[in-house]
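Presented below is the structure to which this report refers.
No lab work stands behind these numbers, since they all come straight from the coordinates. Not measured: the values here are computed from a predicted model. For neighbour counting, all protein chains shown are included, and Cβ atoms are generated from backbone atoms with ideal geometry for every residue, glycine included.
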Amino acid sequence: ADDGYRLWLKYDLVRDASQRKEYQKQAKFITIPNSASPILQTAGRELQQGLLGLLGQQVPVLSESKGKGGIVLAVAANPELGEEGYRVSTQSGNLVVTGATDKGALYGAFALLRHWQTGQPVANVNLTSKPRIEYRLLNHWDNPNGTVERGYAGSSIWKWQELPEVIDPRYRDYARANASIGINGVVFNNVNASARFLTAEYLQKVAALANVMRPYGIRVYMSVLWAAPKVIGGLQTSDPLDPQVRRWWTAKTDEIYKAIPDFGGFLVKANSEGEPGPQDYGRNHADGANMLAEALGQHDGIVMWRAFVYKANSNGDRFKEAYQEFQPLDGKFAPKVLVQVKNGPIDFQAREPFHPLFGAMPKTPLVLEVQLTQEYLGFATHLVYLAPLIKECLESDTYAKGPGSTVAKVVDGTVDQHTISGIAGVANIGSDRNWTGHPVGQANWYSYGRLAWDHTLTSQALAEEWTKMTLTQEPKAVSTITDLLTKSRDIYVRYTTPLGLHHIMGQSIHYGPEPWLEKSARPDWTSIYYHKADAVGLGFNRTATGSNALALYAPQVQKQWGNPATCPPDYLLWFHHVPWTQTLNTGKTLWNELTTRYYSGADSVQWMQQQWAQVQPAIDAELHADVAARLRIQQREALWWRDACVLYFQTYSKQPLPPTLTPPT
Ligand code: GCW
């Protein structure tokens, strides 16, 4: 039985014997030069291990090619490939995997394995690729006590109390999985950071993990608590302009680099949700970020400063807060600073318009932060494939420099010619045997890494790739599962928050419906009260007659979204308070469209169950049963969402369900 531990690196024997033979003919040996760096050695080992599975034979690793029919790993300067790109091609009878650096060769080795794993032909192979984004990170929200904030796959995989002595073999498996999809940086600890990670004791632990990551081309970064100089440094203040504070951070940074010479840098959540920050001293985010950049000095490290901020007592529209605090600071950040922005303006909802900061800070490289752990998307219980969500954001047009200035091009630096670029995924990884709790959560980790490397890949192609590597190669099953995955996020949106509804989930837990939470205990929410249902209609008026958050976008975006007739229905209630009886551009009244979406969304979960049932013969029995069981919960909870929301909103709309829908029994 498949317990899911091997993720997409399963390397099951190639079933088709003639195909296997073809591969074998081209895999008589693997060559890596004598002087191979640790990363290049990793590439050789990974190839050998993968081929052992795929071909059922041990391929020898040599230091020189023995004629034809082998795989040659090589490093050769090639400006076209950049730092991390690769080329895989046939040259004089050998398959040559070339990187401009050893990292490139490692990624090339994984690309070749993927090629064969998904059953592609040997002949005329020509794979050339380089990443579009430089810093491709996973952010863990893991705490020193082993809990994971918003984690639904068990506890943290980092065993801080055992480190640095005990090196759990799982750390290496984690590194392999990340390297195989191109992730080159990780932050082990929560952005709600404990100062403890900066102590000498913990630096040794982090350094031990960094040693495991290094041969896989992965650098380690750290979330830092702004108040660390006070909390662990014995200082009276953490004011970024205080000379003592500055000296403390410089010394601490030097100490980190002594323990971890290739340390990647800092991630900071400051003055957000109660975390300390430079504003505690009347300074701004740039003062704080630049101080850390200065502490990094000559070291090769960066600062990723998060823009996820809102005030507990603000009575404005939270949608606008990050923009209001950060946009005026554009041009004020030091060169090593990137500002990390969530995909949407509120908080990882099932569907959000793109964050208005994208395109609005041309002088600052912006890191796109997406969430792989399904905080608002059904935890590890609901099957929701996230690549479509990530792509929707990446492909949104900011119009910052005219049409085609997509979020993807802002983030990869092409719109404003930035030399550094970054993307971060909040990890969905935990100590569960299968890493992600829901087996399909693996597809979210996988597709995130692949999109971070190349955001032009389609969610459909990635779903197919992952399915073939992880679940089955049976063609009918592959297409059924690919279709199921690709539609799953839209289905989730329909039965939870259709038409641009947002933030109506259970308070604190963020699970299940709670649209009646209008008289919240939280002062920052009562003023916001996101769905704004009343006798007239539904939705948050963010046009000029409302909060005017729409004004934060480029005129072309404002024009489209500002008019309910041209606003895509999927974003409608994000920006408009729409009368219940108004006919939408879908042809239905708001009430009928809303209820139809809730009902068809819930019905679609049954469709998902049927699709999954069909692929049973092609899937490992244990894994199949696991997903089927989770789908049963999802089906029950889709009805819960549907009925809770429809019945609640009905108390305002005072309208019956359209006759085509069956009322809840
Ligand atoms: O989505 C919210 C979560 C918090 C999280 C915060 C953030 C790490 O509910 O748990 O804290 O976002 O992104 O900082």
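The alpha carbons of the stretch 574-665 occupy a box of 50, 27, 27 Å along the principal axes, longest dimension given first. Counting Cα-Cα pairs of the stretch 135-470 in 20 Å increments starting at 0 gives whole-percent bin shares of 33, 61, 6. Coordinate range of the alpha-carbon atoms in the stretch 387-540 per principal axis, descending: 52, 42, 31 Å. Which percent, nearest 5, of DSSP beta bridges in the chain are antiparallel? Once the DSSP bridges in the chain are tallied, antiparallel ones form about 30 percent.
All Cα-Cα separations within the stretch 528-582 were binned at 10 Å from zero, giving a P(r) of 26, 58, 15, 0, each value a whole percent of the pairs.
Partners of Lys10 within straight-line reach, counting lysines whose Cα lies under 25 Å from its Cα and excluding those fewer than 8 residues away in the same chain: Lys21, Lys25, Lys28, Lys103, Lys130, Lys468, Lys476.
Counting pairwise Cα distances across the stretch 17-129, what percent come out greater than 17 angstrom? Result for the distance tail: 47 percent. When every Cα-Cα distance of the stretch 498-653 is counted in 5 angstrom steps from zero, the calculated P(r) takes the values 2, 9, 15, 17, 16, 14, 11, 7, 5, 3, 1, 0 percent. Residues Trp516, Trp141, arranged from fewest to most other Cβ atoms within 10 angstrom of their Cβ, appear as Trp516, Trp141. Excluding same-chain neighbours fewer than eight residues apart, the aspartates and glutamates reachable from Lys66 by a Cα-Cα span under 19 Å are Glu22. So what is log10(I(q)/I(0)) for the chain at q = 0.08, 0.09 1/Å, when the Debye sum runs over its Cα atoms only? Values returned for q = 0.08, 0.09 Å⁻¹ are -0.62, -0.79. Cross-link partners of Lys336 among lysines, defined as those whose alpha carbon lies under 17 angstrom from its own and excluding same-chain residues fewer than eight positions apart: Lys269, Lys363. In the stretch 557-600, the C-alpha radius of gyration followed by the widest Cα-Cα span (Dmax) gives 10.2, 31 angstrom.
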